[in-house]
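**Student:** The following block contains the structure, expressed as structure tokens.
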Amino acid sequence: MNVVVMRLTMRGLLGGKRALLLLLLPALLLLVAGLTRWGSSGNPDATSAMAANFAMGTLLPLMCLLIGTGAIGPEIEDGSIVYLLAKPLPRRTIALSKLTVAITASLVLGTISTVAAILIAGDQGWWLTNAYVTSVALAAIGYTAIFFMLAIVSRSAVIVGLIYALLWEGVLGGYVPGIRVLSVRQWALSAAERVLDGQPSLMPHSEVSLTTGLIMLAITTVVVTVLGVRKLKTLPMRVAE
Amino acid sequence: MSLIELTGVSRWFGNVVAVNDVTMTIGAGVTGLLGPNGAGKSTLLSMMSGFLAPSAGTVTLDGVPVWLNTDVYRRIGLVPETEALYDSLTGWEFVLINAQLHQLPDPAAATRRAIAAVDMVDAQKREVGKYSKGMKQRIKMATALVHEPEVLLLDEPFNGMDPRQRMHLLDLLQSLAAEGRTVLFSSHILEEVEQIAGTIEVLVAGRHAASGDFRKIRRLMTERPHQYSITSADDRKLAAAIIADGSADAVSLSVKGLEVQASDFGRFVQALPRLAQAGHIQLFEVTPADESLESVFAYLVSR
């Protein structure tokens, strides 16, 4: 880990237009939470559906997409990453420092907005909060690592990520059984399913067991991180165009 | 003293060959990498700075390959052509971050020294995003100098500089070379290169076309065959006189006038007015045909 790289990454994430978008997404979630409460008068069943589908299926991937790609994509795009790479630092250190900042940002933003949304929409005890904070945290790690890797590998990471997030995780992951087994959202939901075990009306449905979900998440996160680091080592850079 | 050695270096992108079998050694002092735009200078510099793998051949710094070796950056300072900087940082912060990334023992002192060397003390508290092109160039230079590298690689460093900034950078590069450092910069302007470069390496269409001090390169360029378009009161008579005199290699006559090729540039330009006067032929127009840098380079390659 390198503190200077981390500070610079944090500055990049918090500055500029991206930061505004990052605030817009949680605001949207809170709005939907308000509507959910208004429509269901605080029924926790509706809250659970909102958290499992909208929060985890749509907003969290988008948030992680912005953060994961934003932590390194713009610098690769405009070439300023050369100031980090032309240093006697292992590329692994640079990649892991940036990824750590990105995952931390996703965790903080993802969990806080989820807690707030569940409280607004209506919880039953703290059951839903506990369940979904766990799932959101797990999904945030997986999603951010995937999008971070995409930003190193592809110049059109945002488009590719958007298609993956909305199509694969959102639409196909919701309806096509085969894909549902290979979905970050389903893996992460297995944790919420376990926490809410015994409360059938609240319990979200996950395609996989908790063990499978955790193992798949861990493998995916490690694999994409290794891929990203390897690509950064040989990232072709024209010193000029 | 540090040596960059390129041995049989080629680089291709798909079907396009950007650099073709280049072998050269760059040692202490200022070396200019001269070539027209698109000659492969940036590709070559990318390979020298470890940002691109050669498709064939090797690039080494004192015998150690630079590709996949981030340790070489302790000894290499790189000034990329790209304009993109960390725009929200001030000049001071930007250079300081570079010093910290180098893990220097006293980053603040190194930053102060580097900023003073490029004469940017007055502007160091302003955001780099708001700098002019010349100022960006100088702050980039400061980031490359902050760890006092033995080797300095600069891509088109004079682009966008006004004459005063250019003078200042020339002085700075010369003083770095005087300290025994290896300084390599690329440019497509011969005059720029011959002002300071002790050695000039000419790259054309990816090939290493010529190498030597500026006198040698200058001579190669002036001794090549020169083309002239001439119109006069009596083209046919003038053509006969030029052929008889022997100061040109070839003369062709058309309705548009004369096309003359002379390999001895000095001799021909002296002979032409003399021949015209002796034959009482009025000269209307004498135009050197292809003085563009590209044609000069093209000649060097075809030699």
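**Student:** Can you tell me which residues in segment B:44-65 are in contact (Cβ under 8 Å) with a residue 60 or more places away in the chain and within 11 Å of chain A (Cβ to nearest Cβ)?
**Tutor:** Residues satisfying the conditions are B:Leu44, B:Leu45, B:Met48, B:Ser49.
**Student:** In addition: Return the residue satisfying two criteria in turn: it lies in segment B:135-154 and is among the charged types (D, E, K, R) and surrounded by 24 or more Cβ atoms within 10 Å (Cβ to Cβ), and of such residues it is farthest from the other protein chains (Cβ to nearest Cβ).
**Tutor:** B:Arg138
**Student:** Now, a different point. For B:Thr31, state whether it is more than 14 Å from chain A (Cβ to nearest Cβ), outside any loop (DSSP other than H, G, I, E, B), of a type in the set (S, T, N, Q) and buried (at least 16 other Cβ atoms within 10 Å of the Cβ).
**Tutor:** yes
**Student:** Right, another one. State whether the residues of segment B:169-183 include one that is assigned to a strand (DSSP E or B) and under 12 Å from the mean Cα position of the chain (by Cα).
**Tutor:** There is no residue in segment B:169-183 that is assigned to a strand (DSSP E or B) and under 12 Å from the mean Cα position of the chain (by Cα).
**Student:** Right, here's the next one. Can you find, within segment B:61-75, the residue that is farthest from B:Met1 (Cα to Cα) among those that are in a helix (DSSP H, G or I) and open to solvent by less than 50 Å² (accessible area, probe 1.4 Å)?
**Tutor:** Here the answer is B:Thr70.
**Student:** Please return the ranges of helices (runs of 4 or more DSSP H) entirely within segment A:1-97 where 1 or more residues are more than 9 Å from every other protein chain (Cβ to nearest Cβ), in contact (Cβ under 8 Å) with a residue 40 or more places away in the chain and of a type outside the set (Asp, Glu).
**Tutor:** A:3-14, A:17-40, A:44-49, A:60-70, A:73-78
**Student:** With the requirement that a residue be in a strand (DSSP E or B), open to solvent by 80 Å² or more (accessible area, probe 1.4 Å) and either at pLDDT below 85 or among the charged types (D, E, K, R) (or both), what does segment B:260-303 give you?
**Tutor:** Matches in segment B:260-303: B:Glu285 only.
**Student:** Moving on. Which count do you get for residues in segment B:211-270 that are touching a strand residue (DSSP E or B) at 6+ places or on another chain (Cβ under 7 Å), of a type in the set (Asp, Glu) and closer than 30 Å to B:Glu192 by Cβ?
**Tutor:** Of the residues in that region, 1 qualify.
**Student:** A further question on this structure: Restricting attention to segment A:194-224, which residues are within 21 Å of the chain's Cα centre (by Cα) and closer than 20 Å to A:Ala49 by Cα?
**Tutor:** To start, the set of residues in segment A:194-224 that are within 21 Å of the chain's Cα centre (by Cα) comprises A:194-195, A:204-224.
Listed by number, the residues that qualify are A:Arg194, A:Val195, A:Pro204, A:His205, A:Ser206, A:Glu207, A:Val208, A:Ser209, A:Leu210, A:Gly213.
**Student:** Continuing with this model, one more query. Have a look at B:Ala114, B:Ala109 and point out the one that is surrounded by fewer than 18 Cβ atoms within 10 Å (Cβ to Cβ) and either farther than 16 Å from A:Ile81 by Cβ or among the acidic types (Asp, Glu) (or both).
**Tutor:** It is B:Ala109.
**Student:** Enumerate the pairs (first residue in segment B:266-284 and in contact (Cβ under 8 Å) with a residue 24 or more places away in the chain; second residue anywhere and open to solvent by less than 80 Å² (accessible area, probe 1.4 Å) and in a loop (DSSP other than H, G, I, E, B)) with beta-carbon separation below 6 Å, excluding pairs fewer than 6 apart on the same chain, so at least 6 apart or on different chains.
**Tutor:** Here the result reads B:Phe268/B:Ser247; B:Phe268/B:Ala248; B:Ala271/B:Ser247; B:Ile281/B:Ala233; B:Ile281/B:Asp234; B:Gln282/B:Ala233, each pair linking segment B:266-284 to a residue that is open to solvent by less than 80 Å² (accessible area, probe 1.4 Å) and in a loop (DSSP other than H, G, I, E, B).
**Student:** Then there's this: Could you grab me the full set of residues in segment B:102-153 that are in contact with a strand residue (DSSP E or B) (Cβ under 8 Å, 6 or more places away or on another chain), more than 18 Å from A:Pro88 (Cβ to Cβ) and not polar (S, T, N, Q)?
**Tutor:** Selection gives B:Lys125, B:Arg126, B:Glu127, B:Val128, B:Lys140, B:Met141.
**Student:** While we're looking at this one, here's another question. Residue under question is B:Ala84, and the condition is that it be free of Cβ contacts under 8 Å to residues at least 12 places away in the same chain, part of a loop (DSSP other than H, G, I, E, B), more than 26 Å from B:Ala178 (Cα to Cα) and touching a helix residue (DSSP H, G or I) at 6+ places or on another chain (Cβ under 9 Å); does it hold?
**Tutor:** Spelling it out, B:Ala84 is indeed free of Cβ contacts under 8 Å to residues at least 12 places away in the same chain, part of a loop (DSSP other than H, G, I, E, B), more than 26 Å from B:Ala178 (Cα to Cα) and touching a helix residue (DSSP H, G or I) at 6+ places or on another chain (Cβ under 9 Å).
**Student:** Would you point out the residue of segment B:101-111, among those that are closer than 25 Å to B:Thr182 by Cβ and not in a loop (DSSP other than H, G, I, E, B), that is farthest from the other protein chains (Cβ to nearest Cβ)?
**Tutor:** In this case the residue turns out to be B:Ala109.
**Student:** So which of A:Ala95, A:Ala131, A:Ala137, A:Ala105 is over 30 Å from B:Ile139 (Cα atoms) and open to solvent by less than 10 Å² (accessible area, probe 1.4 Å)?
**Tutor:** A:Ala131
**Student:** In addition: When you go through B:Leu96, B:Leu78 one by one, which is the residue that is farther than 25 Å from B:Ser187 by Cβ and either within 11 Å of chain A (Cβ to nearest Cβ) or open to solvent by 50 Å² or more (accessible area, probe 1.4 Å) (or both)?
**Tutor:** Result of the check over B:Leu96, B:Leu78: B:Leu96.
The values are calculated or read from the model by the stated rules, or taken from the named source; none is laboratory data. For clarity, every value in this text was computed on a predicted model and none was experimentally measured. Don't worry about glycine lacking a Cβ; one is built from the backbone with ideal geometry, like all the others, and counts go over all protein chains shown. Side chains are part of the model used for accessible areas, which takes the heavy atoms of the whole protein and leaves out ligands, DNA and RNA. Shrake-Rupley method; radii C 1.70, N 1.55, O 1.52, S 1.80 Å.
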